[in-house]
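In what follows, a single structure is set out as structure tokens and then discussed.
Taken together, the values in this text are just the output of simple stated rules run on the coordinates, not laboratory data. Just so you know, these numbers come straight off a predicted model, no measurement behind them. As a convention, Cβ positions derive from the backbone with ideal geometry for all residues, glycine included, and neighbour counts pool all protein chains shown.
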Amino acid sequence: MQISREIELEGHIIDSGIMTLVFDRIMDMGGNFEILTFEVGKKKTDTSYACLKVSAADETQLEAILSELYRLGAHLSVVADARLVPAEGDRIVPKDFYSTTNHPTYVKYEGEWLSVENIEMDCLVVVDPVTQRACCTPLSKLTKGSLVVVGEDGVKVDYPERPREKSRFEFMQGTVSPERPSETLIEKIATEIVEVKRSGGKIVLVGGPAIIHTGGGPALAKLVHDGYIDALFAGNALATHDIESNLFGTSLGMDIKTAKLVTGGHKHHIYAISEVMRAGSIKNAVEQGIVTGGVMYECVRNNVPFVLAGSIRDDGPLPDVITDVMEAQDAMRKHLKGAKMVLMVATLLHSVAVGNCLPSSVKTLCVDINPASLTKLMDRGTSQAIGIVSDAGTFFPMLAKKLDELSEKING
């Protein structure tokens, strides 16, 4: 004797592969399904509709299967209001709370569907009955008495769809391979960047110190100067070695131009931090003429905000580094609002951290020399990310060159 329930799917569920994902998930979890209705869109712009009866051996197994299907965009034929339970204390979640995905999410409250604001993965949904708003809330921000959505009922997720007309940004969606023509890919990325900026979109860069070590710093500084980057997220290391390279021509004590270690160079990053300490901040160091070029210089000169998040291994750190991780997280969330594209280059930990804060609708590009880093980011939930296997020192100069070529073509 099996227990069953009917679910519905709507949208570009065939082209996006959602139907296949649903079938696989049901069978992988030991369930069965029967297609009751399947209406296929006849034109490219038409959506499709499917009604399935999902069956399992018992209620527990069925609920587990349905929980996975809901996150792929499935929903029950008849949807009741979401169940709300007050939090018993600050940062204490109710039992069986709903854990968010990074996809557009809606909750049903008093018969109306409320769009969940500021969506990101692994958070809670809190409903305010006074304003009738639903907000995605990190555990660190949960306060006593907040009404938290519990269970899967009354929650609807819009899983990312891929209509038949593919955008340029989908040229290698969901794949990671070093065996691809880098110049062709970077040219497409440059075109997408130009289109995002022309439409008024915001681009955020998440960068690691390898950008400086591999000689990509000048090209990145040019991108900031030319207005392609609207915010920079990094750690103490990128800023420190960028400033070191400006003061001494080295990064981690190695001459960037000759790739040779400089005598006494191992102390250069400490000198660099100390000089900024003396000035009071990176901005002061720029304004006082201590720092005269580089990525951080261009950020200051062009009013590009930056968030430097600290770690336990930092030297110094620089006075601008935020050492409270929750404070750094809030600062990143602030500058991610309205972002249309995020470039993540040569920094796995910062990439995963930022990816966790991103809605799946944000175009996300991850560049790393290690294919495993790209795969790990996607496995952590940032499924919309496109992975490019490339050295940062190769990527940025080529990207800057392609952007210059496009600029010349546009401006005649």
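Miscellaneous remarks
- Paramagnetic label reach from A64 (point 7 Å along Cα→Cβ; backbone nitrogen cut-off under 19 Å): within the stretch 1-15, residues 1-5.
- Our coupling estimate for the stretch 108-118, obtained by passing each phi through the Karplus curve with A = 6.51, B = -1.76, C = 1.60 and θ = phi - 60°, is 8, 9, 6, x, 10, 8, 9, 6, 7, 7, 6 Hz, Gly and Pro reported as x.
- Each Cα pair under 8 Å and six or more residues apart adds its sequence gap; the mean of these over the residue count of the chain is a relative contact order of 15 percent.
- Length released on extending from K144 to N284, taking residue separation times 0.36 nm less the Cα-Cα span: 46.2 nm
- Listed cross-link partners K43/K188; K95/K363; K283/K340; K222/K409; K283/K376; K267/K401 are compared with a 23 Å cut-off, the Cα-Cα value being larger for K43/K188; K95/K363; K283/K340; K283/K376; K267/K401.
- 10 Å Cβ shell holding at most 13 others, DSSP loop, trypsin sites (Lys or Arg not before Pro): longest site-free stretch of the chain: 167-256
- Hz values of 3J(HN,Hα) by residue in the stretch 229-237 - Karplus curve (6.51, -1.76, 1.60), Gly and Pro given as x: 10, 9, 7, 10, 10, 7, x, 4, 5
- Under 5 Å, built H, 5+ apart or other chain: amide partners of I13: S48
- Using the Cβ-Cβ distance between R91 and Y49 with R0 = 25 Å, the FRET efficiency computed as 1/(1 + (r/R0)^6) comes to roughly 0.05.
- Close amide H partners of K202, meaning residues 5 or more places away or on another chain with modelled amide H under 5 Å apart, are K340, M341.
- Cβ-placed point charges (K, R +1; D, E -1), dipole of the stretch 224-322 about Cα centre in debye, nearest 20: 260 debye
- Spin-label pair V130/S77, simplified geometry with 7 Å Cα→Cβ offset, distance in nm: 4.1 nm
- At 1.002 mPa s and 20 °C, Stokes D of the stretch 20-146 from Kirkwood alpha-carbon radius, µm² per second: 129 µm²/s
- Shown is the FRET efficiency for N411 and S361, computed with R0 = 30 Å from the Cβ-Cβ distance and rounded to the nearest 0.05: 0.50.
- Potential extension, M277-I312 segment - 0.36 nm per residue separation minus Cα distance: 10.7 nm
- Farthest positive-ward along the chain dipole, Cα basis, beta-carbon charges - from A272, I211, L377: A272
- Karplus 3J(HN,Hα) series, Hz, for the stretch 15-26 with 6.51 cos²θ - 1.76 cosθ + 1.60 (x for Gly, Pro): 4, 7, x, 5, 4, 4, 4, 5, 4, 4, 4, 4
- Check: the chain dipole with +1 on Lys, Arg Cβ and -1 on Asp, Glu Cβ, in debye: 1040 debye
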